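Down below is the structure, laid out as structure tokens.
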Amino acid sequence: MPDLLLEIGTEEIPAGYIQSGLKQMREAMQSLLQGERIGFKGINTYGSPRRLSILVTGMATSQMDADVEVLGPPKAAAYDKQGNPTKAAEGFAKSQGAVVENLKIKTTPKGEYLCVEKHIKGKAAIEVLRKNLPGLITNIYFPKSMRWGTKEIRFARPIRWILALFDSEVIPFEIDGISSDRITYGHRFLAPSPITISHPKEYVSAMEKAFVIVDIDKRKEIIAAGIAEEAQKQRGMEEGFSYDINADLLDEVACLVEYPVVLRGGFDEKYLSLPQDVVITSMCEHQRYFPVINNDTLLPYFLVVANTSQSPDIVREGNERVLRARLSDAAFFWDSDRKVSLDERVEQQKKVVWQEKVGTLYEKTQRIVEVAERIAEELNRIGKTAPLDIKGVQRAAWLCKADLLTEMVYEFPTLQGIMGYHYASSAGETENVAMAVKEHYLPKSFDGDVPETLMGAIISIADKIDSIVACFHVGLIPTGSEDPYALRRQAQGIINIILKQDLPLNLLWLIASSEQSNQILGFMKQRLEYALINRGFMADTVNAVLEADFSFPTDALLRATALEEIRKMPDIEPLSISFKRVMNILKSAPLVKAEEVNESTLKEESEHKLYRSICEIRGTVEALVAKADYLEALSILAGLRGDIDSFFDKVMVMVEDPELRRNRLSLLNEIATLFLKVADLSMLRQADMSASLKF
Amino acid sequence: MNFQDIILSLQTFWSNHGCLIAQPYDIEVGAGTFNPHTFLRVLGPEPWKAAYVEPSRRPTDGRYGENPNRLQHYYQFQVILKPSPDDVQDLYLQSLIRIGINPNEHDIRFVEDDWESPTLGASGLGWEVWLDGMEITQFTYFQSVGGLSLFPVSVELTYGLERIAMYIQKKDSVFDLDWTDRIKYGQVHHQTEVEFSRYNFEKADTEMWFGLFEKYEQESLRCIKENLPFPAYDFCLKSSHAFNMLDARSAISVTERTGYIARVRSLAKKCAATYIKEREEAGFPLIAKE
């Protein structure tokens, strides 16, 4: 069975585009072959900076035959009153290579139509590929694409050759003047001559001979092994030596080379007196080196992945020289930055605009101080968290953005906060303050780590809530995919911090009296919903809980946990159906105002029974809710089910007598009020429905 | 190889490959891209191949001659090829051989680096070229310039001359470079770095520069009205330099900054449009007639 090989040869494609390009090629190839009824056994993709390749094995030589029905004109237009075929019918038959006698009538939702049944003979696979491969190539999407020379097509970087083989045969096609062939190129420097591939099976080994490891995972293995080997050499000299392979860096580096060779270089030990983060960032971010670490202590070495085995000493020396320049720059910044006090840095923020419509960074800092102080005082008042040093909170808030104006952060933006920590420590601020400065940027992504210290958590919340309120205030509200100020991430951060640190904070209180309170609350509610679903709660559990109340995220979490637990009991589903009836009636006939149930107006026995039951449990449920024992509260509430059901069986709520009706509605309202202290069970989906949704 | 031999070798190489060897422009620019040999010539359908050294001024990068890697005035070697040839990467690598860097003995990499110039309304895709981990060249396929989308596409090679020379001569400070075998880079430029750092950061008369910015902008706009794209572009460059001076003096707040950049960009766009119009009226004279 034949194999197919397609290689798009390019100038160096950005490392981040390679995996996504290959994934798209695989999916497009799969749907092409399936859609065109061409069988195949397997698909492999290969890639490097200079090529995106796909190998399909065990292909059919042609499409499968197919029986198809082709619809023609409507029956009414196909035969005249005498039942003789019209010109339309004859024309259709002719166009389909059929005779009128063989035409059939097909009933469709739109009516009856002429129809011809055809047996289509499958075309040769190579023919189908010839037609479709150009589209497969040009439809690959890249975040940024370009044009070059005088060509009209766009690609991530210029396409320089296309290799397309079906077994030993070239699949002939052309894209904007670039013709497919069986020629490829090896390593740019180690094997510069053209290489002829006679069969797809040869591809991987032929490329390896030409110093190109086309398999990305294999390159990663080689790099990892090379790092381990260099580490091994070092281990003889130093005990406890370890190395850290950052997975993202490994992915990136593997896509920056075709023929990886790991080399170890060194740098002057004097740079080890710089903050370790600075040295590591200089190495990883700018140079893509792997640091060498011994028991958490950085060693004066680095591992670089070269793209060549030639002249390792020259390459090593060159890389050492570059790192030396970078580290000497960093040392220069470290010294000169510390000549300016952090308070002066805050003063400098008066000249920096944070957001054009909102104001300067200095003003933002002032607001962060106020908000952080307010949160800290509230937490101290509630007393559930460790007591906070208000002065420390103020200081940390005041300094939290001070490092933004340092040369180091200007040069290495990812060190924001981290440098804040180092500069604060070195200026004699307390460890708590320095740590809070560092941590207030967390979390850095939707599900990223949150601050570990309470002070860091408070500054982080203060900074984020300020950004959200300020942006909403000037109309910078996220819509759809547009969220230039990352407000969603910041809102998510607030929720995640509150939940993780178990902070008894009320969202409504937190956003204070903003004009956009309702909008912001709705925005925060979505993030809370996301956080709870992310923790594994069922979506309808989350809805039920948040519908009741979402202002205290930590409380919502407890209620969701209880509800999810009690949903394991069989009684809950019928209870939720009954509760839905309660809510539906209350919604369709809202009480003018909630009133007490008048006991003397109760008429039927089931009314009395329900009222008695409510009175019996009310105190207990309220007490349980007060101490947040929602599981127990829910199981007691679940006991009302029988009474509610018999109430609905025997009693009509919406009766003529206004007094009787009001009293019954009030009774239902009592039930709703009790349940809504925990969750709105009417939001729960019924089991049969949720089961059917799975299919 | 000394500093001037590197320049001479690159000039010879690109001259042999059909480039016009142009001279630096006589107005302050931030990079070789600003030179009209690049900015204007990449517009429109006419082919163009040029190479030149461009003394480039970035007032905010001054370090009083104290930092071994940073200068407020430095040299770029600029090559512009339109349309971009299919073998441009190979040509570039051959040019490195000419200055004593044999690609087979080094680790040379083309690492993604997209380029954007808000002042010129320009953007491109390409790489920074790494020589054993050091960035030595910006390699860019221009996609748009002066707000206009380009066809054919030009490729720009910008060699960082000091960096390359520091590598070749194995020097850790730019001031130690041999310009000739007898004169050091520092002997030519250390004093200028110290003086211009003082001038740019401390002494420049901001009132004068604000006034100049306005005047240059007005003059540029007047030239555009008169259909004089080259003079108009000269004044656009001058206003851009005035902005850079004010920026270095921290005389422009961050809010205003965007506004000033937008004003220069608006001039650049108008110059580009006027240039195209004039070339079209002249029948695009550089297109070879069959």
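Tabulated data
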| read-out | value |
| --- | --- |
| The range A:132-158 residues near the modelled A:Ala66 label - backbone nitrogen below 15 Å, point 7 Å along Cα→Cβ | A:132 |
| Charge dipole of the range A:555-694 about the Cα centre (unit charges at C-beta), most positive-ward option of A:Ser606, A:Ala633, A:Ser682 | A:Ser682 |
| Ratio of the Cα radius of gyration of the range A:123-186 to 2.2 N^0.38 Å, where N counts its residues | 1.18 |
| Pairwise centroid distance, computed over Cα atoms, of the range A:170-204 with the range B:85-130, Å | 24 Å |
| Normalised contact order of the range A:555-694, rounded percent, pairs of Cα under 8 Å and 6 or more residues apart | 42 percent |
| Distance (nanometres) between label positions extended 7 Å along Cα→Cβ at A:Leu521 and A:Lys587 | 1.9 nm |
| Subset of A:Lys144/B:Lys82; A:Lys500/A:Lys568; A:Lys580/A:Lys627; A:Lys87/A:Lys118; A:Lys438/A:Lys525; A:Lys218/A:Lys438 violating a 30 Å alpha-carbon distance limit | A:Lys218/A:Lys438 |
| Computed lengthening from A:Lys110 to A:Lys627, 0.36 nm per intervening residue step minus Cα-Cα distance | 179.7 nm |
| Protein-only accessible surface order, largest first, of A:Phe332, A:Phe189 at 1.4 Å | A:Phe332, A:Phe189 |
| Relative contact order %, chain B, counting alpha carbon pairs below 8 Å whose residues are six or more apart | 21 percent |
| Charge dipole (the protein assembly as shown, unit charges on Cβ, about Cα centre) - positive-most of A:Ile213, B:Cys19, A:Leu399 | B:Cys19 |
| Globularity index of the range A:555-694, i.e. its alpha-carbon radius of gyration over 2.2 N^0.38 Å | 1.06 |
| Interface residues, the range A:127-174 - accessible area loss of 40 Å² or more versus chain alone, probe 1.4 Å | A:Lys144, A:Met146, A:Arg147, A:Gly149, A:Thr150, A:Arg157, A:Arg160 |
| Shielding score for B:76-89, defined as the mean number of other chain Cβ atoms within 10 Å | 2 |
| Accessible surface, chain B, averaged per residue in Å² (probe 1.4 Å) | 40 Å² |
| Share of carbon and sulfur in the accessible heavy-atom surface of the protein assembly as shown [1.4 Å probe, %] | 51 percent |
| Stretchable slack from B:Arg222 to B:Glu195, in nm (0.36 nm times residue separation minus alpha-carbon distance) | 6.3 nm |
| Prolate/oblate/rounded call for chain A, Cα gyration tensor, a/c under 1.5 rounded | oblate |
| Distance (nanometres) between label positions extended 7 Å along Cα→Cβ at A:Glu344 and A:Ala77 | 8.6 nm |
| Cα gyration tensor shape of the range A:66-120, rounded if a/c is under 1.5, else prolate or oblate by comparing a/b with b/c | oblate |
| Cα→Cβ-extended label distance, 7 Å offset, between B:Leu286 and A:Ala486, nm | 4.3 nm |
| Equivalent ellipsoid semi-axes - Cα gyration tensor, the range A:345-535, angstrom | 24, 20, 16 |
| A:Tyr113 - accessible surface, heavy atoms, 1.4 Å probe, Å² rounded to 10 | 50 Å² |
| Nearest-0.05 FRET efficiency for A:Ser31 and A:Thr86, computed from C-beta distance (R0 35 Å) | 0.30 |
| Whole-Hz couplings from phi, Karplus 6.51/-1.76/1.60, listed for the range A:454-471; x for Gly and Pro | 5, 5, x, 4, 5, 5, 4, 4, 4, 4, 6, 5, 5, 4, 5, 4, 5, 5 |
| Solvent-accessible area per residue, Å², over chain A with all protein chains present [probe radius 1.4 Å] | 46 Å² |
| Within chain A, helix-based [θ] at 222 nm, where runs of 4 or more DSSP H residues each add -39,500 (n - 2.57), nearest 500 | -15500 deg cm²/dmol |
| Contact order normalised by residue count of chain A, Cα under 8 Å, 6+ apart, percent | 7 percent |
| At least 50 Å² of accessible area lost relative to the chain alone, listed for the range A:311-335 with a 1.4 Å probe | A:Ile314, A:Arg321, A:Asp329, A:Phe332 |
| As computed over chain B, the Cα convex hull volume per residue (Å³) | 128 Å³ |
| Interface size B-A, as summed buried accessible area [1.4 Å probe, Å², nearest 100] | 3900 Å² |
| Per-pair calculated FRET efficiency, R0 = 30 Å: A:Arg324 and B:Glu207 via Cβ, rounded to 0.05 | 0.10 |
| Gyration tensor verdict on the range B:1-108 (Cα atoms; rounded if a/c is under 1.5, prolate if a/b is larger than b/c, oblate otherwise) | oblate |
| Separation between Cα centres of the range B:162-240 and the range B:1-59, rounded to whole Å | 16 Å |
| Listed peptides B:9-19, A:472-482 by packing density, highest first (mean Cβ within 10 Å) | B:9-19, A:472-482 |
| Within the range A:1-26: backbone nitrogen closer than 19 Å to the A:Glu169 label point (7 Å, Cα to C-beta) | A:1-7 |
| At R0 = 60 Å, FRET efficiency that the Cβ-Cβ distance of A:Asp571 and A:Asp248 yields, to 0.05 | 0.75 |
| At least 10 Å² accessible surface lost relative to isolated chain, residues of the range B:99-119 (1.4 Å probe) | B:Pro103, B:Asn104, B:Glu105, B:His106, B:Asp107, B:Ile108, B:Arg109, B:Phe110, B:Val111, B:Glu112, B:Asp114 |
| Accessible surface, 1.4 Å probe, highest first, among residues A:Met569, B:Met245, A:Met435 | A:Met569, A:Met435, B:Met245 |
| Separation of alpha-carbon centers, the range A:111-168 and the range A:462-528, rounded to whole Å | 47 Å |
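The values are calculated or read from the model by the stated rules, or taken from the named source; none is laboratory data. Everything numeric in this text was worked out from a predicted model, so none of it was measured. Here the Cβ is made from the backbone with ideal geometry for all residues, glycine too, and neighbour counts use every protein chain on show. Surface accessibility is based on the protein's heavy atoms, side chains included, excluding ligands, DNA and RNA. Shrake-Rupley method; radii C 1.70, N 1.55, O 1.52, S 1.80 Å.
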